[in-house]
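Note sheet for the following structure.
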Amino acid sequence: GLSYTTFAIENVRLKRKRIGRRDSTQVLVDVTNTGKRDGTEVVQMYIRDCVSSVTRPIKELKGFQKVSLKPGATQTVALDITAESLAFYDVNMRFVVEPGEFEILVGNSSRDCDLQRTVVTVMK
């Protein structure tokens, strides 16, 4: 049978925890090949608006990056969080970024048990 490898996704952190509505930041995460074979993992970033003026999805895929690693190797992956990735259409159909907290979820799938969390705050 086929044998693959395993990965650990750890140490999720933000380059800047507070940003303005037109600013951007990055979420950084360390990916380690914990198995015995070369392998490739896809790191996925989901964003959830904690409180918004309209109903929003629980989580939206806003970025991903593929990383190939040798056994035992670790690489830091940086995914951009831009104003556009936080914006949505409000009740007046304007594309806006509202101030508040946004949960950033990073992992190798959309399953809640596979995701690491951090929060970015958008200032007025």
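The values are calculated or read from the model by the stated rules, or taken from the named source; none is laboratory data. Owing to the predicted nature of the structure, the values given are computational and were not obtained by experimental measurement. Quick reminder, even Gly has a Cβ in these numbers, built from the backbone with ideal geometry, and neighbours come from all protein chains shown. Accessible surface is based on the protein model in full, side chains and every heavy atom, while ligands, DNA and RNA are left aside. Shrake-Rupley method; radii C 1.70, N 1.55, O 1.52, S 1.80 Å.
Only residues in segment 28-45 that are under 12 Å from residue 107 (Cα atoms) count as the first member; pair them with residues that are assigned to a loop (DSSP other than H, G, I, E, B) and open to solvent by 50 Å² or more (accessible area, probe 1.4 Å), Cβ under 9 angstrom, at least 6 apart or cross-chain, and list the lot. Filtered contacts from segment 28-45: 28/15; 31/108; 41/108; 42/108; 43/108; 44/108; 44/110. Restricting attention to segment 86-101, the residues that are on the phi > 0 side of the Ramachandran plot and open to solvent by less than 50 Å² (accessible area, probe 1.4 Å) total 1. For segment 29-51, name all the residues that are open to solvent by 40 Å² or more (accessible area, probe 1.4 Å) and either under 11 Å from the mean Cα position of the chain (by Cα) or not aliphatic (A, V, I, L, M) (or both). The answer is 34, 36, 37, 38, 40, 48, 50. Look at (1) of a type in the set (D, E, K, R); (2) loosely packed, with under 14 Cβ neighbours inside 10 Å; (3) within 22 Å of residue 14 (Cα to Cα) and you find that residue 80 fails only one, number (2). Has segment 46-55 got at least one residue that is in contact with a helix residue (DSSP H, G or I) (Cβ under 7 Å, 6 or more places away or on another chain), within 17 Å of residue 14 (Cβ to Cβ) and at pLDDT 95 or above? Yes, segment 46-55 contains at least one residue that is in contact with a helix residue (DSSP H, G or I) (Cβ under 7 Å, 6 or more places away or on another chain), within 17 Å of residue 14 (Cβ to Cβ) and at pLDDT 95 or above. For the structure I just gave you, tell me whether residue 119 is open to solvent by less than 40 Å² (accessible area, probe 1.4 Å) and either part of a loop (DSSP other than H, G, I, E, B) or in contact (Cβ under 8 Å) with a residue 40 or more places away in the chain (or both). No: the conditions fail for residue 119.
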